[in-house]
């Protein structure tokens, strides 16, 4: 049976390839292959771009947020009017310039305890702020703050003048 | 690139005729067969370096031919009506019994499913074993056996004048599509 079927198939296809041109087949095959390769690369590039865009849109931009409310230590003392009601988000926070000027208070910021930040004290930063709520960074930390204290006073509650201290606890999240 | 082109060109020049016959049996139409062969050669051209290095060019081409013929490749092409006398058989002298037999066989093959046609071509035209056919088509040996049995049964019904070539009828009742 197999031989009979084979003979039938051979007889059916005996005339088939007569007109095929190898040159045409090669040219078309290579042209199509190039076109497909280019299309595949474009698709991959487009998919990567879309994926990158989606990733950028989905990942929230993490900005440090300072949430605190400066409070004068001597809250009942009505003399202190130069305290800002709050400190807004400020970026960047520059270093305190080396020139005299009025300051409203001294601020220590710390990060909240978390698994990623097991020792919040190491993240403490010192700032001073003006009556309008603008902050400056004290690069040398407490040492620098110490030199500032004669202006503000150790806790600012006992120094008469315009610069009380707002020793406050702030969190940066 | 020049060597790639030469190697590919040489392969096509030497093997395209044989491959075209297989494609013709699988597709059932000359134009579709050319498209099928072109599709296979395009895929070869895209990975010629790798295939030429391993020496598996022709098996790969044949696998692409069978895979495309079975797995929906024809769905992208317009369905052609295969009834009537084929173009290549049409002519003043084509009235002999041989030509009539070709037409009958061709029409009968066109009414088989692509998988049944592929099984018959692999088993009887390329003389593959049932195991090799199953590996080629990615199915079980039992599927190859059943597809072969059903395909031959349908051919006996569709082309009764060629029934002797398809062997004795079995107890299986072939389902005939209109």
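The values are calculated or read from the model by the stated rules, or taken from the named source; none is laboratory data. Please read all numbers here as calculations on a predicted model, not as lab measurements. All Cβ positions, even for glycine, are placed from backbone atoms using ideal geometry, and neighbour counts span all protein chains on display.
Some values worked out for this structure:
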item: Test: residue in segment A:76-85 that is surrounded by 12 or more Cβ atoms within 10 Å (Cβ to Cβ), touching a strand residue (DSSP E or B) at 6+ places or on another chain (Cβ under 8 Å) and either part of a loop (DSSP other than H, G, I, E, B) or at pLDDT 65 or above (or both); result: yes
item: Scope segment B:118-139; condition facing another protein chain (nearest Cβ under 10 Å) and not in a helix (DSSP H, G or I); matching residues; result: B:126, B:127
item: Number of the condition not met by residue B:144 [criteria: (1) at pLDDT 85 or above; (2) within 13 Å of chain A (Cβ to nearest Cβ)]; result: (2)
item: So residue A:126, is it farther than 30 Å from residue B:41 by Cβ, surrounded by 10 or more Cβ atoms within 10 Å (Cβ to Cβ) and at pLDDT 65 or above; result: yes
item: Wholly within segment B:1-63, helices (runs of 4 or more DSSP H) carrying at least 3 residues that are within 12 Å of chain A (Cβ to nearest Cβ) and touching a residue at least 24 places away in the same chain (Cβ under 8 Å); result: B:2-27, B:30-46
item: Odd one out for residue B:115 among (1) crowded, with 20+ Cβ neighbours inside 10 Å; (2) more than 10 Å from chain A (Cβ to nearest Cβ); (3) farther than 17 Å from residue A:11 by Cβ; (4) modelled with pLDDT of 85 or more; result: (1)
item: Evaluation of residue B:105 against (1) modelled with pLDDT of 85 or more; (2) in contact with a helix residue (DSSP H, G or I) (Cβ under 6 Å, 6 or more places away or on another chain); (3) more than 10 Å from every other protein chain (Cβ to nearest Cβ); (4) over 14 Å from residue B:22 (Cα atoms) (one fails), failing number; result: (3)
